[in-house]
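So the structure is just underneath, and the comments pick up after that.
The values are calculated or read from the model by the stated rules, or taken from the named source; none is laboratory data. This structure is a prediction, so every number in the text was calculated from the model and none was measured. Methodologically, a virtual Cβ is constructed for each residue, glycine included, from the backbone with ideal geometry; neighbour enumeration extends over all protein chains shown.
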Amino acid sequence: MNKKFPPGFIKNFILIFILIALIVLPFWFAKDHKFIGTDDIASKAITEINTNYKPWFQSLWSPPGKEIESLLFALQAAIGAGFIGYYIGLMTGRSKK
Amino acid sequence: MQFKNSSHLILIFILIIILPQSLFAMHIMEGFLPVYWSITWFIVIIPFLLIGLMQIRKKVNENSKVKILLGVAGAFMFVLSALKLPSVTGSCSHPTGAGLGAILFGPFVMTVLGSIVLIFQALLLAHGGITTLGANTFSMAVIGPFVAILIYKIFDFFKAPRWLSVFLCAFLGDLATYTMTASQLALAFPSANGGISTSLIKFLSIFSFTQIPLAISEGILTVLIFNFILKHNKEELKILNLLKD
């Protein structure tokens, strides 16, 4: 009866550990890289294949600067994570009743 | 016993076919598809969007309890596609999060949710683009979820453990998305000496393996949240025909 951990805790712990390892390990394996987005690399590859190609449309609005861009990415993640947090709280509360 | 062995063989065979494909990553940037292809992909996604919208209305009208899970599926996609993760190749890409919703609500519904995420990113983040929205929706919100649900159904049919079905569904759905993106670019930009296939190899190979660790991460995250849903939303899962009484 005296269980130290709730059921599934250890399994989840291991999964989250693997997850963190997957995200951290690249910093060892690819020390000298700058972790550029692959969409930027792709755009370069396009201009290599077709040197005459010019993008025919520009973004209607671009975040002014890297900091604002990361702010907006953080906002996107926060909205999603916020909802999932709300959901997890709601369900945990519901099943405790 | 005989049957069990043969089903294992089939599973391994499927894996061998799908796994060696290398990957491209992230969405096609604004203006980087010729006009002809931009329009083509827009037309292609229209029926998927319409069916998806009808299915959402039907499912929510039938039983409004599934709304919360619809929100979770959308939010999951929202978070995952905001996370640009480092990969062993030294570049960055992000997962798609389409597998979870594909299991819960089917692939058509994910076309709607995915296109909302992509519009948000195109307008506010200059990530992806309005002119490439059709193509990006097709790869992330049509091909991704369709491959995901196919994998889930196959493994479920062969009575694989549920966590494995969920993991592979998310993992391969993610990989399928970026293979599709590479194909779309290769179709639009055939190499001058070698045509589409040379371009495809180029697009696939430059970015090969970037997406694999990210797809594994997506698989793990999907298993974690699916286990939670399985524990707390049995009733909703029965409504969605994912659990039997």
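Go through the stretch B:31-77 and count every residue that is over 15 Å from B:Val142 (Cβ atoms) and assigned to a helix (DSSP H, G or I).
Total meeting the criteria: 26.
To keep it simple, each residue is scored yes or no on (1) modelled with pLDDT under 85; (2) part of a loop (DSSP other than H, G, I, E, B); (3) among the aliphatic types (A, V, I, L, M); (4) farther than 26 Å from A:Pro7 by Cα.
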| position | (1), (2), (3), (4) |
| --- | --- |
| B:Phe155 | no, no, no, no |
| B:Leu172 | no, no, yes, yes |
| B:Ala176 | no, no, yes, yes |
| B:Phe203 | yes, no, no, yes |
| B:Ser217 | no, no, no, no |
| B:Thr222 | no, no, no, no |
| B:Asn241 | no, yes, no, no |
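Scan the stretch A:73-97 and report the pairs whose first residue is within 7 Å of another protein chain (Cβ to nearest Cβ) and whose second residue is part of a helix (DSSP H, G or I) and among the charged types (D, E, K, R), with Cβ atoms within less than 8 Å and a gap of 6+ or a chain change.
A:Ser95/B:Lys231
Look through B:Leu69, B:Leu49, B:Leu80 and report the one residue that is more than 13 Å from B:Leu104 (Cα to Cα), touching an Asp or Glu at 6+ places or on another chain (Cβ under 9 Å) and among the hydrophobic types (A, V, I, L, M, F, W, C).
Residue meeting the stated conditions: B:Leu80.
For residues in the stretch A:1-24 being of a type in the set (A, V, I, L, M, F, W, C) and at the interface with chain B (Cβ under 7 Å from one of its Cβ atoms), which is nearest to the chain's Cα centre (by Cα)?
A:Ile23
List the number of the failed condition for B:Ile196; all other conditions in (1) surrounded by fewer than 18 Cβ atoms within 10 Å (Cβ to Cβ); (2) touching a strand residue (DSSP E or B) at 6+ places or on another chain (Cβ under 8 Å) hold.
(2)
Give the residue, chosen from A:Phe9, A:Phe13, A:Phe17, that is over 27 Å from B:Leu185 (Cβ atoms) and touching a Phe, Trp or Tyr at 6+ places or on another chain (Cβ under 9 Å).
Only one candidate qualifies: A:Phe13.
What are the pairs with Cβ atoms under 8 angstrom where one residue, in the stretch B:220-232, is more than 8 Å from chain A (Cβ to nearest Cβ) and the other, located anywhere, is part of a helix (DSSP H, G or I) and of a type in the set (Val, Ile, Thr)? Sequence gap at least six, or different chains.
Short answer, once both residue conditions are applied: B:Thr222/B:Val166; B:Phe226/B:Ile103; B:Phe226/B:Val166; B:Ile229/B:Val72.
Go through the stretch A:26-52 and report how many residues are more than 7 Å from chain B (Cβ to nearest Cβ) and either in a loop (DSSP other than H, G, I, E, B) or over 20 Å from the mean Cα position of the chain (by Cα) (or both).
Qualifying residue count, the stretch A:26-52: 8.
Can you name the residue in the stretch A:53-72 that is at the interface with chain B (Cβ under 7 Å from one of its Cβ atoms) and part of a helix (DSSP H, G or I) and, of all such residues, is surrounded by the most Cβ atoms within 10 Å (Cβ to Cβ)?
Step by step, filter the stretch A:53-72, then rank; the result is A:Leu72.
Residues of the stretch B:125-162 being under 21 Å from A:Asp40 (Cβ atoms) and surrounded by fewer than 18 Cβ atoms within 10 Å (Cβ to Cβ), which ones?
Listed by number, the list holds a single entry, B:Ile130.
Could you check, for the stretch B:140-148, whether at least one of its residues is within 13 Å of another protein chain (Cβ to nearest Cβ) and either modelled with pLDDT of 90 or more or under 28 Å from A:Ile23 (Cβ atoms) (or both)?
yes
For B:Gln184, indicate whether it is more than 30 Å from B:Lys58 (Cβ to Cβ) and either away from every other protein chain (no Cβ under 13 Å) or touching a strand residue (DSSP E or B) at 6+ places or on another chain (Cβ under 9 Å) (or both).
So B:Gln184 fails the test.
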